[in-house]
Structure formats: C-alpha cells, structure tokens
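S.K.: Pasting in a structure now, in structure tokens, and then I'll have a few things to ask.
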Amino acid sequence: MSPLQVFQTTEMLSAAAAEFILDQAQRAVASTGRFTLALSGGRTPEQLFRLLRTAPFVRKMPWQNTLIFWGDERCVPLNDERNNAHIAFSLLLEHVDIPAANIFRIPVDLPPVTAAQQYEQTLHRVFDPNAPRFDLILLGLGSDGHTASLFPGTNAVEEKTRWVTEVFVESHQMSRITMTLPLLNQAKNILFLVSGEEKAEILTKILKPQPENPAYPAQLVQPENGHLRWFVEAGAAVRL
Ligand code: 6PG
C-alpha cells in the first residue's frame, strides 16, 4: 500500500480508512489477541466513526478485543461538544458492542498535569513500558502543521521522554493533553486522515518539504519501526 493515497471525496477516504482499520484489527487480534487503536480528534474522522458503527464494519470489527485510546484531548468537560472522546462516543462507541473497560479516555476532568500523568500511567499498564507500540494511531493535520495537540513552538513538540504531556495552546486559549513524539513514533501503524482545501498548503509543505521551511510537528511523526500512511481527500491534495 502506497504511503500516500488520494481519494476523490471524504466519503471515499472514510470508507478506505474503515477498511484499513478493520484489516489492521483482524491482523492484530489474530497475532496478539488484541487491537490497540488511538483515535484522532477534530472533524475529519466523523464520517469514519459513523461508518464503523454500520454494516459491515459493526459486525466484522473485533470490538471485544479492541482497546480504544485518544491521541489527544481538549481540557474541556467530558460532555462538552469539543471533547474528542465525547464526539467518538456519540458517533461510534455508544453504538457498538465494545466493553466499557476497553475504552481509555484521557481524564480531562482532572487538572492538566494530573490528567497527563494519569494517562501515562494507564498506558504503562496496558503496554510494555519499554515498547508502547500501538497497533494503529489515527492522526489529523491542522493548517499550522500541528497533529494531535503537538502545536508548533510548544513544549509538547520538544518532549523527548514522556509519553503523554499537557500543553497550553495560546492560539486556542486552551489546555490540552497529547501523546508525544516518543510515543507516536513507536507505533506499528500511523494513519493521517486529511480532508479539505484548507489543508492543501500545509500538506504540500509537509510532504514536499523545502529547506527554508521549518520542521512542522506533523513532519516529525516518523515511526521508528512502523508504517506511516496518508489518506488524503482530493481537495487537500490539489497542490501536491
Ligand atoms: C484535535 C485534533 C487535531 C485535529 C486537527 C485536524 O483535538 O483538534 O486531535 O490534531 O486532528 O486539528 O482537525 P480537523 O479534522 O477538524 O480539521
């Protein structure tokens, strides 16, 4: 499978992503008995979430053996429309037969520092502390080159040891909790989902880096021993 696939519509991108997730889930469960999946936030994955709760995915996905995490979370109330987990629950998780114990929300009802520490402890319980290798992490791309909540110029991008950190995002006037590059780059599979013409410029800067351009956070996602893939809707690919 090519590292970059362009789809005519977001619907086609979402269908391909659902197929990819199903394939990875079936492979992971066959080999390890579980599928560890980190969901991305924002709007792009919404159609994918709706697809995964419908046939054939709702029946074929090994929900009982799927563990759900988030790559990042906004520090807003758990039932806030901006909360990434709230979106995933309302569009997907409330509609599929997945045990509540398989879902690991980032505890943003706690102070940011505590939330990050607790989520990291949770990951240490689920993964080998020396090799936290997610089977698949979904990521989105912001127009400023951020991914997860690794925003340009923030401490989170510079973090070299912690797996999860808190970050205050000036541009959004909001604290967030995010997986860090040391964790993301351990993943077996990373799948970026990018849609919309507003992403065309940044996507070109990231996939066709020029010496004068800074290294955007999304460019720093380079799995050490895993596969990096981009599923891009045609509008976002117009300048490639
Ligand atoms: C978040 C996301 C963030 C998102 C990008 C793209 O919490 O906002 O994790 O990294 O994926 O900003 O967002 P859209 O899909 O809404 O364009």
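S.K.: So which pairs qualify, if the first residue must be in the range 213-231 and closer than 26 Å to S14 by Cβ, the second must be among the charged types (D, E, K, R), the Cβ gap must be under 9 Å, and the two must be at least 6 apart or on different chains?
M.R.: Cβ pairs passing all conditions: Y216/D144; Y216/K205; P217/D144; Q219/K205; P223/K188; G226/R133; G226/K188; H227/K188.
S.K.: Would you list the strands (runs of 3 or more DSSP E) that sit entirely within the range 33-74 and hold 1 or more residues that are within 12 Å of the chain's Cα centre (by Cα) and away from the ligand (no atom under 12 Å from the Cβ)?
M.R.: Where strands (runs of 3 or more DSSP E) fall fully within the range 33-74 and carry at least 1 residues being within 12 Å of the chain's Cα centre (by Cα) and away from the ligand (no atom under 12 Å from the Cβ), they are 35-39, 66-70.
S.K.: Which of the residues spanning the range 48-72 are crowded, with 20+ Cβ neighbours inside 10 Å and not hydrophobic (A, V, I, L, M, F, W, C)?
M.R.: T66, G71, D72
S.K.: Which residue out of A131, A116, A156 is loosely packed, with under 13 Cβ neighbours inside 10 Å and either under 28 Å from W230 (Cβ atoms) or among the β-branched types (V, I, T) (or both)?
M.R.: After applying the criteria, what remains is A131.
S.K.: For the range 11-21, give me each residue that is in contact with a helix residue (DSSP H, G or I) (Cβ under 6 Å, 6 or more places away or on another chain) and more than 10 Å from F231 (Cβ to Cβ).
M.R.: Within the range 11-21, just A18 meets the criteria.
S.K.: Continuing with this model, one more query. Does F231 meet the test of being surrounded by 21 or more Cβ atoms within 10 Å (Cβ to Cβ), among the aromatic types (F, W, Y), within 24 Å of L48 (Cα to Cα) and within 10 Å of the ligand (Cβ to nearest atom)? Let's see the steps before the verdict.
M.R.: Working: surrounded by 21 or more Cβ atoms within 10 Å (Cβ to Cβ): yes; among the aromatic types (F, W, Y): yes; within 24 Å of L48 (Cα to Cα): yes; within 10 Å of the ligand (Cβ to nearest atom): no.
Against the criterion (surrounded by 21 or more Cβ atoms within 10 Å (Cβ to Cβ), among the aromatic types (F, W, Y), within 24 Å of L48 (Cα to Cα) and within 10 Å of the ligand (Cβ to nearest atom)), F231 does not qualify.
S.K.: Ok, one more. Count, please, the residues in the range 180-195 that happen to be closer than 21 Å to A25 by Cα, within 16 Å of the ligand (Cβ to nearest atom) and in a strand (DSSP E or B).
M.R.: The number of residues fulfilling the criteria is 4.
S.K.: Give A38, A55, A115 a once-over and let me know the one that is without any contact (Cβ under 8 Å) to a residue 24 or more places away in the chain and hydrophobic (A, V, I, L, M, F, W, C). Walk me through how you get there before you give the answer.
M.R.: Numbers: A38 fails: without any contact (Cβ under 8 Å) to a residue 24 or more places away in the chain; A115 fails: without any contact (Cβ under 8 Å) to a residue 24 or more places away in the chain.
Just one listed residue meets the conditions, A55.
S.K.: Something else about it: Within the bounds of the range 88-100, is there any residue that is surrounded by 22 or more Cβ atoms within 10 Å (Cβ to Cβ), within 16 Å of the ligand (Cβ to nearest atom) and outside any loop (DSSP other than H, G, I, E, B)?
M.R.: Within the range 88-100, one or more residues are surrounded by 22 or more Cβ atoms within 10 Å (Cβ to Cβ), within 16 Å of the ligand (Cβ to nearest atom) and outside any loop (DSSP other than H, G, I, E, B).
S.K.: Given the criterion surrounded by 14 or more Cβ atoms within 10 Å (Cβ to Cβ) and more than 20 Å from V157 (Cβ to Cβ), identify the matching residue among A218, A200.
M.R.: A200
S.K.: Just give me the residues in the range 120-179 being of a type in the set (D, E, K, R), under 27 Å from L22 (Cβ atoms) and either within 16 Å of the ligand (Cβ to nearest atom) or touching a residue at least 60 places away in the same chain (Cβ under 8 Å) (or both), in sequence order.
M.R.: Answer for the range 120-179, where residues must be of a type in the set (D, E, K, R), under 27 Å from L22 (Cβ atoms) and either within 16 Å of the ligand (Cβ to nearest atom) or touching a residue at least 60 places away in the same chain (Cβ under 8 Å) (or both): R133, D135.
Bear in mind that the values in this text are calculations on the coordinates, not laboratory data. These figures come from a predicted structure and were not determined experimentally. Backbone-built Cβ (ideal geometry, glycine too); neighbour counts: all protein chains shown.
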